[in-house]
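A short write-up of the structure that comes next.
Any read-out appearing in this document is the output of simple, stated calculations on the displayed coordinates, not a laboratory observation. All values reported here derive from a predicted model rather than from experimental measurement. Using ideal geometry, Cβ is built from the backbone for each residue, glycine included, and neighbour counts are taken over all protein chains shown.
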């Protein structure tokens with residue numbers, strides 16, 4: 001059955017966390033609200049077509065009151081989405097006429113929104129009223145020297161933004177998925193980097209590579225879901241580098257899955273770029 005649808009500037013030594021593969025990890029049997037608890041098929045999916053103005057949706061985040069937000073990939077424009085119908089409820093922007101950049105991820109922490117560019121530059125600003133332009137701050141991380149960035153998430157345990165690397169540019173990151181950590185308190189990049197070996201992730205989706213496009217914290221398990229648009233894969237991992245599960249998503253449902261987030265339910269949400277058509281938002285609830 002098809003889904004229902006409507007028309008820091010810091011450098012330092014890298015701390016390697018060795019991945020420990022749990023039994024049954026690649027089969028996705030983490031159960032409960034983990035990756036193995038989501039069916040990820042047409043019968044369980046609810047899918048909405050998004051407004052044409054966010055055809056190139058690039059990232060998702062959820063605020064503590066369970067409101068869901070998306071961002072544009074070329075402008076610092078943030079959209080609140082109604083997940084019951086996929087409609088845009090509210091839109092505001094960083095700057096006037098608007099910050100322009102290659103935006104690849106969004107997160108929310110301490111009543112502030114954060115956007116990250118592919119070179120690691122971070123933008124920070126408050127929530128605006130509908131159609132408002134708000135003042136914002138920027139922070140240089142220089143992560144772009146070491147990797148191409150695609151994905152941002154907040155880790156409330158350590159009060160850090162997690163910055164996800166899509167493609168490594170230095171030998172120390174080769175054959176790994178790297179996650180950098182940027183402190184909200186010091187506004188600086190921390191020296192330790194979570195390194196997750198790429199091979200079990202790629203093998204879990206029968207591919208040679210696993211190029212991440214989004215990162216989301218599961219509020220019920222405290223684990224993290226990493227999505228890879230090119231390979232249409234999702235991995236559940238910990239920040240100790242442990243790989244818990246790896247699965248594919250349906251190519252019929254997901255043409256280019258770029259953004260990922262959770263509501264508190266938890267409901268898993270995935271945003272796909274339009275690729276010449278309208279972008280889509282897909283909702284999955286735990287199947288058991």
key: Relative packing of 93-102, 221-230, which averages over residues the other C-beta atoms within 10 Å, highest first   = 221-230, 93-102
message = Taking 8 Å as the Cα distance limit and 6 or more residues as the minimum spacing, I'd like the relative contact order of the stretch 25-284 as a percentage.
response = 21
More than 23 Å apart - percent of Cα-Cα pairs taken over the stretch 162-288 = 33
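In whole percent, what relative contact order does the stretch 169-276 give with Cα contacts below 8 Å and a gap of six or more residues?
Normalised by residue count, the contact order of the stretch 169-276 is 19 percent.
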Largest-first principal axis extents of the Cα set of the stretch 96-144 (Å) = 32, 25, 15
request  = State the Cα centre-to-centre distance between the stretch 38-101 and the stretch 207-264 in whole Å.
outcome  = 18
Rounded to 5, the percent of DSSP beta bridges in the stretch 25-284 classed as antiparallel = 95
request  = For n ≥ 4 DSSP H runs only, could you compute -39500 (n - 2.57) per run for the chain, divide by its residues and tell me the 222 nm figure to the nearest 500?
outcome  = -500 deg cm²/dmol
message = Order these by the 10 Å Cβ neighbour count, fewest first: 176, 130.
response = 130, 176
message = For q values of 0.11, 0.14, 0.17, 0.23 Å⁻¹, compute log₁₀ I(q)/I(0) with the Debye formula on a Cα-only model of the stretch 59-186, without solvent.
response = -0.37, -0.59, -0.85, -1.38
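Among 166, 277, which comes first, then next, by fewest other beta-carbon atoms within 10 Å? Intermediate results must be reported in sequence, preceding the final value.
On the way: 166 21, 277 12.
Ordered by Cβ neighbours within 10 Å, fewest first: 277, 166.
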